[in-house]
Amino acid sequence: MKQRKFGPYIAAGVTAFAVIAAAILLFFVIYHFSAVRALLELLAYILRPIFYGLVLAFLLLPVHRQIYSFLFALCEGVAEHGGRKRAALNFLAIVLSLSFAVLVVYVLLAMVLPQLYLSIVGLVNAVPEYIRIMQRWLLDFLADNPEIQAAVLPYYNSLAQSVEQWLSSDMLPNLESVNSTLDWLKAEILPQLTGVVSSVSSGVIALALLLKDILIAIIVSVYLLARKDVFAAQSKKIVYSVFRTDVADLLVEETRSAYRILSGFINGKLVDSLIIGIIALVCCNLFRFPYPM
């Protein structure tokens, strides 16, 4: 009776306390928004490799499952004898999944980088024609002002000649090989830049941080793929221990549906992109468009 008597007052007190605490917290966030934003940015920077690992593990999960199913079917008689054999097959599937991801990245870079080199060379070779087009446009534009034309054209011709000579004599020959390109950059370009030491050091630091993030992401993805069944079981136990059975069933089913929908969407986009890329590659080769890759 006493609990029923004071129950509404206790509920009202807890509600009022929650409202006041939420209002104070909102005021604190608004008043110290810069500090809160800096804290969130710091947390995001620290957790960035973990997020990368989560995304990588999510993308590799279908590949890992297919490879594991194939290996398990291939070694079915061996894998049924103990958990160590299953763990070995799981580890081998993870290694093959990461190798597949590295192979995909390598193939994309191998297709794109040569085309990028040809694009740069083609752009350099097309610069003289662009200069002549610009010169004709200036002549037509300044046809009614011969004084301005006579003052502008010598400077333009001198600048165009210098650019064309630099591209044809310095830049293009040094793009022929990697060694000559590096020597040219060290001997000609770097001494002319300001703040070379700071730029190089910042670039090296950025590269080291990127490699560190990639390494941590790979470690996180391997750990998640190796322990995915344990994490799924533990998460399911936590959900069923916190919520009622019907609510827990609904949450588990909705989580599975969300995973199926998101995974199907990503797989569908990848398949669509692959089909469109193959069609575009074939058409570009048939019509002899430049840079089909």
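The values are calculated or read from the model by the stated rules, or taken from the named source; none is laboratory data. Owing to the predicted nature of the structure, the values given are computational and were not obtained by experimental measurement. Backbone-built Cβ (ideal geometry, glycine too); neighbour counts: all protein chains shown. Each accessible area value is taken on the protein alone, full model and side chains, heavy atoms only, with ligands, DNA and RNA left out. Shrake-Rupley method; radii C 1.70, N 1.55, O 1.52, S 1.80 Å.
Some points to look at:
- Candidates Tyr117, Tyr106, filtered to the one that is aromatic (Phe, Trp, Tyr), touching a residue at least 12 places away in the same chain (Cβ under 8 Å) and either touching a strand residue (DSSP E or B) at 6+ places or on another chain (Cβ under 9 Å) or over 30 Å from Phe231 (Cα atoms) (or both): Tyr117
- So Ala57, is it hydrophobic (A, V, I, L, M, F, W, C) and closer than 30 Å to Val220 by Cα: yes
- Sole residue being within 15 Å of the chain's Cα centre (by Cα), open to solvent by 50 Å² or more (accessible area, probe 1.4 Å) and among the aliphatic types (A, V, I, L, M), chosen from Leu74, Leu40, Leu59: Leu59
- Residue check for Ala280: surrounded by 10 or more Cβ atoms within 10 Å (Cβ to Cβ), of a type in the set (Gly, Ala, Ser) and farther than 30 Å from Ser119 by Cα: no
- Only one of the numbered conditions (1) without any contact (Cβ under 8 Å) to a residue 60 or more places away in the chain; (2) open to solvent by less than 100 Å² (accessible area, probe 1.4 Å) is violated by Ile50, and that is (1).
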